[in-house]
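Notes for the one structure printed next.
The values are calculated or read from the model by the stated rules, or taken from the named source; none is laboratory data. What you see is a predicted model; the values in this text were computed from it and never measured. As a convention, Cβ positions derive from the backbone with ideal geometry for all residues, glycine included, and neighbour counts pool all protein chains shown. The accessibility values were calculated without ligands, DNA or RNA, using every heavy atom of the protein model including side chains. Shrake-Rupley method; radii C 1.70, N 1.55, O 1.52, S 1.80 Å.
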Amino acid sequence: MQNKFYTLEELPYGYSDLEPFISKEQLALHYEKHHASYVNNANKILRENEIKDPKKLSFNIGGHKLHSLFWENMISPQKQIISDKIIEIIEKEFNSFEKFKEEFLDLALSVEGSGWVVLVYEKTIDRFLLMQIEKHNMLIYPDYNILLVLDLWEHAYYVDYKNERKKFVEAFFNVINWDKVLERVVFFQRKE
């Protein structure tokens with residue numbers, strides 16, 4: 001059996017496609033240096049074929065998986081479409097789209113240090129919830145499927161926004177690929 005390893009998948013858009021909200025420089029640095037390092041580190045551990053520190057492997061795999069979702073759930077602001085269906089889903093759970101944005105922002109600003117904010121769906125209770133992930137540790141309940149993820153490590157925004165996390169989170173709403181979020185909702189709601 002041949003060993004398989006993780007790969008750094010190509011971005012679904014060009015480096016300048018998220019401007020002016022995420023600059024070419026910021027995106028290239030984040031993708032080529034930070035995300036690539038998680039892939040390389042995970043593969044190095046796996047190649048050594050002796051996992052002495054499972055937490056280190058988990059950290060790097062989690063970083064890779066979360067970044068992969070993050071890239072997919074962004075789109076050029078010129079192509080962003082918010083369908084009636086996604087608005088309906090969000091309004092059902094959060095009462096209004098503005099309330100969702102407010103809760104998302106509040107949760108993002110309360111992340112201590114490095115971490116992520118995620119919108120998840122859990123089929124058993126048919127609920128959409130906002131959660132935090134500390135560092136890259138996937139500390140979400142089993143069967144909670146990630147629909148939308150925002151990287152809140154400083155490496156995700158420091159070039160463009162310095163230490164102004166709030167401005168980065170607000171800008172993120174201009175590049176969310178809502179079609180991808182809806183695609184994940186439909187997939188996870190159908191999944192048996």
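Under unit Cβ charges (Lys, Arg +1; Asp, Glu -1), what dipole magnitude, rounded to 20 debye, does the chain have relative to its Cα centre?
For this selection, approximately 520 debye.
On alpha-carbon atoms, Rg over Rh for segment 99-140 using Kirkwood Rh?
With Rh from the inverse mean 1/r over Cα pairs, Rg/Rh is 1.00.
Just how much of Thr7 is accessible, in Å², when a 1.4 Å probe is used and the result is rounded to the nearest 10?
Taking all protein chains as shown, Thr7 has close to 80 Å².
From the convex hull of the Cα coordinates of segment 65-171, what is the mean projected area in square nanometres?
Averaged projected hull area, Cα only: 7.1 nm².
About its Cα centre, how strong a charge dipole does segment 50-99 have in debye, to the nearest 20, once Lys and Arg get +1 and Asp and Glu get -1 at the Cβ?
260 debye
Which entries in the list Lys4/Lys162; Lys135/Lys162; Lys4/Lys24 go over 29 Å, if you measure between the two C-alpha atoms of each?
Result: Lys4/Lys162; Lys4/Lys24 exceed 29 Å.
If you average 1/r over all unlike Cα pairs in the chain and invert the result, what Kirkwood radius do you get in angstrom?
Roughly 17.5 Å, rounded to one decimal.
How about Lys85: which aspartates and glutamates have a C-alpha closer than 15 Å to its C-alpha, ignoring those fewer than 8 places off in the same chain?
Glu93, Asp179, Glu183
Let me see the pair-distance distribution of segment 54-111: every alpha carbon pair, 10 Å bin width, integer percents in order.
Over segment 54-111, the share of Cα pairs per 10 Å bin runs 18, 30, 37, 14, 1 percent.
How much accessible surface does Asp53 have with a 1.4 Å probe, in Å² rounded to 10?
80 Å²
Along the charge dipole of the chain, Cβ charges K/R +1 and D/E -1, which of Ala28, Asn49, Gly115 sits furthest on the positive end?
It is Asn49, whose Cα lies furthest towards the positive end.
How do Leu147, Leu8, Leu130 stack up against each other in accessible area, from largest to smallest, with a 1.4 angstrom probe?
Output order, biggest surface exposure first: Leu8, Leu130, Leu147.
Taking amide H atoms as placed 1.01 Å from N in the peptide plane, list the residues 5 or more away in sequence, or in a different chain, whose amide H sits under 5 Å from that of Leu148.
Close amide H contacts, sequence-distant or interchain: Leu119.
What are the GluC sites (Glu not before Pro) within segment 1-105 that DSSP puts in a loop, where the Cβ has at most 16 other Cβ atoms within 10 Å?
Within segment 1-105, the qualifying GluC sites (Glu not before Pro) (loop, at most 16 other Cβ atoms within 10 Å) are Glu9, Glu10, Glu50.
Which whole-Hz couplings ³J(HN,Hα) result when phi for each residue of segment 64-80 is put into the Karplus expression 6.51 cos²θ - 1.76 cosθ + 1.60, θ = phi - 60°, listed in order with x for Gly and Pro?
5, 4, 5, 5, 4, 5, 4, 4, 5, 8, 10, 8, 3, x, 6, 9, 5
Over the chain, average the accessible area per residue using a 1.4 Å probe and give it in Å², no decimals. Walk me through the numbers before you get to the answer.
Values: 10940 Å² over 192 residues.
Averaged over the residues of the chain, the accessible area is 57 Å².
So how much slack lies between Val186 and Ala36, counting 0.36 nm per residue of separation and subtracting their Cα-Cα distance, in nm?
Values: separation 150, 0.36 × 150 = 54.00 nm, distance 2.99 nm.
Taking 0.36 nm per residue and subtracting the Cα distance, the gain is 51.0 nm.
Give the span of segment 1-94's Cα atoms along each principal axis, as three whole-Å numbers ordered largest to smallest.
Ordered largest first, segment 1-94 gives principal extents of 49, 34, 25 Å.
If I take every Cα pair under 8 Å that is 6 or more residues apart in segment 1-150, average their sequence separation and divide by the length, what percent do I get for the relative contact order?
This gives 20 percent for segment 1-150.
Report the extension gain between Ser110 and Ser83 in nm, rounded to one decimal, defined as 0.36 nm multiplied by the number of residues separating them, less their alpha carbon distance. Before the final figure, lay out the partial values.
On the way: separation 27, 0.36 × 27 = 9.72 nm, distance 2.88 nm.
This chain segment gains 6.8 nm when fully extended.
Tell me, what HN-Hα J-couplings in whole Hz come from the Karplus equation 6.51 cos²θ - 1.76 cosθ + 1.60 at θ = phi - 60° for each residue of segment 16-30, using x for Gly and Pro?
Once rounded to whole Hz, the list reads 9, 5, 9, 5, x, 7, 9, 6, 4, 4, 4, 5, 4, 4, 4.
Dipole magnitude of segment 83-179 about its Cα centre, charges +1 at Lys/Arg Cβ and -1 at Asp/Glu Cβ only, in debye to the nearest 20?
So the dipole magnitude of segment 83-179 works out to roughly 140 debye.
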